[in-house]
Amino acid sequence: MPELVFFSGTMDCGKSTLALQIGHNRSARGLVGVVFTKGDRAGEGRLSSRLGLVTEAVEVADGMDLSAYLVDHLESGKRVDYVIVDEAQFLTRDQVDQLADVVDELGMDVYAFGITTDFRTALFPGSQRLMELADRVETLQVEALCWCGARATHNARTVDGVMVVEGEQVLIGDVDRSAGQAGYEVLCRRHHRRRMTAAMAETRSDALSECM
């Protein structure tokens, strides 16, 4: 039976790498897939991983009907066996419902990959709807680590190493940003609640060393 599967985790946990691997494995068996993405760090219409792997993808706009897109694809004589959606947290709730239609009405497996919560620990609407509708929710087993060595469970938005807790929910960024730009860092719950980033911990350590 076809399934809607949601692979979730923090940033830097290998979700895009797994998306690319699933696509590779299926294409190697002669299957044909459509890859959707939204707001990838590599730019529009790209699915990329931090390992340097990149593939072309269909960029999802806010008003796009994913099910209708695939129906048009099929009616034009093209083949589709499965669907991959990366950055699925940025989908609207309606678009997640459309993915469920793709599984139930078109008989295709849909593999969605996304971050569960934002920098304020609130669920993204797309991720919430996926958790409500998915046949399976899989937590990625490649654990991202906080600077302290503990398992990272939360995404922090930072500017110059300082954690910020206000701003728009969606701000495309990565874990490596230059001075003055908003970036992201994965933290364990304890250090996210304390707003203790790696840079702040290093500063505190340096200050303590000077006092000794």
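I'd like to know how the chain sits against the 2.2 N^0.38 Å rule of thumb: what's its Cα Rg over that expected value? Don't jump to the answer; show the numbers that get you there.
Values: Rg = 18.8 Å, N = 212, 2.2 N^0.38 = 16.8 Å.
Taking the Cα Rg and dividing by 2.2 N^0.38 Å, one obtains 1.11.
I need the calculated FRET efficiency for the pair GLU105 and SER27, taking r as the beta carbon distance and R₀ as 25 Å, to the nearest 0.05.
Values: r = 24 Å, r/R0 = 0.96.
So, using R0 = 25 Å, E works out to roughly 0.55.
Given a Förster distance of 30 Å, report the FRET efficiency between ASP62 and ARG193 from their Cβ-Cβ distance, rounded to the nearest 0.05. Intermediate values should be presented prior to the final figure.
Numbers: r = 32 Å, r/R0 = 1.08.
Given R0 = 30 Å and the Cβ-Cβ separation, E is 0.40.
What order, most packed first, do the peptides 186-193, 120-127 have when packing is the mean number of other Cβ atoms within 10 Å of each residue? Show your work: numbers first, answer last.
Working: 186-193: 19.4, 120-127: 17.5.
So the order, starting with the most tightly packed, is 186-193, 120-127.
Residues with amide H under 5 Å of LEU145's amide H, sequence separation 5 or more or different chain, H placed in the peptide plane at 1.01 Å from N; which?
Residues meeting the criterion, in which the H sits 1.01 Å from N, are ALA152.
Which value, in debye to the nearest 20, describes the size of the charge dipole of the chain about its Cα centre when Lys and Arg Cβ atoms bear +1, Asp and Glu Cβ atoms bear -1, and nothing else is charged?
On the way: 22 positive and 33 negative charges, 175 e Å.
So the dipole magnitude of the chain works out to roughly 840 debye.
For a quick check: with amide H placed at 1.01 Å from N, whose amide H comes under 5 Å from ARG46's, ignoring anything fewer than 5 positions away on the same chain?
Excluding prolines and chain starts, which carry no amide H, the hits are ASP40, ALA57.
Residue-wise, which Karplus ³J(HN,Hα) couplings in Hz belong to the range 145-162, taking 6.51 cos²θ - 1.76 cosθ + 1.60, θ = phi - 60°, and x for glycine or proline?
Residue by residue, the range 145-162 yields 10, 5, 4, 7, x, 6, 4, 7, 10, 9, 9, 10, 8, 10, 10, 6, x, 9 Hz.
Between GLU202 and LEU74, what length comes free when the chain is fully extended (0.36 nm per residue of separation minus the Cα-Cα distance, one decimal in nm)?
Details: separation 128, 0.36 × 128 = 46.08 nm, distance 5.50 nm.
Full extension from GLU202 to LEU74 adds 40.6 nm.
Which Cα, out of GLY45, ASN25, THR158, lies furthest along the positive dipole direction of the chain (beta carbon charges, K/R +1, D/E -1)?
THR158
Using only the alpha-carbon atoms, how far is helix 15-28 inclined from the longest principal axis of the chain? Give it as 0 to 90 degrees, nearest 10.
The answer is roughly 30 degrees.
Coordinate-derived values only; no laboratory data. Remember, it's a predicted structure, so these values are computed and weren't measured experimentally. No Cβ is skipped: glycine too gets one built from the backbone with ideal geometry, and neighbour counts run over all protein chains shown.
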